[in-house]
1. Count the net charge of all other residues whose Cβ sits under 11 Å from the Cβ of residue 242, scoring Lys and Arg as +1 and Asp and Glu as -1.
2. Report the label-to-label distance for residue 223 and residue 278 in nanometres (one decimal), using points 7 Å from each Cα along the Cα→Cβ vector.
3. Relative to the present Cα-Cα distance, how much length would full extension add between residue 297 and residue 179 at 0.36 nm per residue of separation?
4. Can you order the peptides 204-215, 145-156 by their average number of other Cβ atoms within 10 Å per residue, highest first?
5. Quick one: if the Förster radius is 25 Å, what FRET efficiency do residue 191 and residue 82 give, using the C-beta to C-beta distance and rounding to 0.05?
6. Calculate the spin-label point distance for residue 162 paired with residue 257, positioning each point 7 Å from the Cα along the beta-carbon direction, and give it in nanometres.
7. Under a plain spin-label model, where a point goes 7 Å from the Cα along Cα-to-Cβ, how far apart in nm are residue 205 and residue 171?
8. At a Förster radius of 22 Å, what calculated FRET efficiency corresponds to the Cβ-Cβ distance of residue 215 and residue 266, to the nearest 0.05?
Amino acid sequence: MNRTDGLVRRAVRNRDNGAEGGTAGNGLNANTADDNQDMNQNKDHEDNIDDGDSKETRLTLMEEVLLLGLKDKEGYTSFWNDCISSGLRGCILIELGLRGRIMMEKSGMRRRGLCSSRKVILKSDQPTGDVLLDEALKHIKETNPPETVQSWIEYLSGETWNPLKLRYQLKNVRERLAKNLVEKGVLTTEKQNFLLFDMTTHPLSDNVVKCRLVRKIQDSVLSKWVNDPQRMDKRMLSLIFLAHASDVIENAFAPLNDDDYEVAMKRVRELLDLDFEAEAAKPNANEIIWAVFMAFTK
């Protein structure tokens, strides 16, 4: 089996001249002085998670990354992909950050430039309505002393040598996310026989949703590229980085022609080469997002 199994085959086409433009994100600031105003912003953000989509097709970051990684007809992720598990846990932390449930501890007297070593603390224990997010939120709430982003990704993935932390592992994450997508009408459920065992798979049933997702990612680094991460929509910025960390970003860019593919990958590399500590220190930056990015680049 090749590592490229499950990737969309790149098609060489004439280059489309997309309209020039840019989008500016309205992401949440995790360190606002006015908590009431901040919670209103959190609510507004949740109400507009996916502009233009109906409520039935609004996807979380976890669902979007999984959808990118799933083979359309087979309904499962590549057996060679060992990155998506931790990538999905990173998605969970960023979702909680975007929804105003967690934040990084205040820097206090610590020297600047240590966002990656600061702890994750609870900002609000209000349920999100998503079972996976609420399960992770419960673990964070009950943990004292607090832990770093890097530690939480390891704990939620079950990749820790500390047996006392194994209880934090989120189990069957991919299957649970796939079932969410089945309920939203994006996937369907089938049984496939793999000679020695049967496996439940989730082939794509609504190609429109996935095409819209792929197109949205493509546009963000091509026709709607803003060349400034602070002006990018925070959810889209997170999706691009986490799709790369989960080794599924290629699936979004594979249908592009050669020229657009090179431009898209070049701009993704520019985002990966940013000074995450410096970006986290900028006004209105969501520190949880940048701390997760740092955890995947160590």
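Values in this text are rule-based calculations from the coordinates and carry no lab data. Here the structure is a predicted model, which means the values were calculated and not measured. Here the Cβ positions follow ideal geometry from the backbone for every residue, glycine too, while neighbour counts run over all protein chains shown.
1. -1
2. 3.2 nm
3. Answer, rounded to one decimal: 39.4 nm.
4. Listed from highest to lowest mean packing, they are 145-156, 204-215.
5. About 0.50, to the nearest 0.05.
6. In this crude label model, residue 257 to residue 162 measures out at 5.3 nm.
7. My value for the distance between the label points is 2.7 nm.
8. After rounding, the FRET efficiency stands at 0.70.
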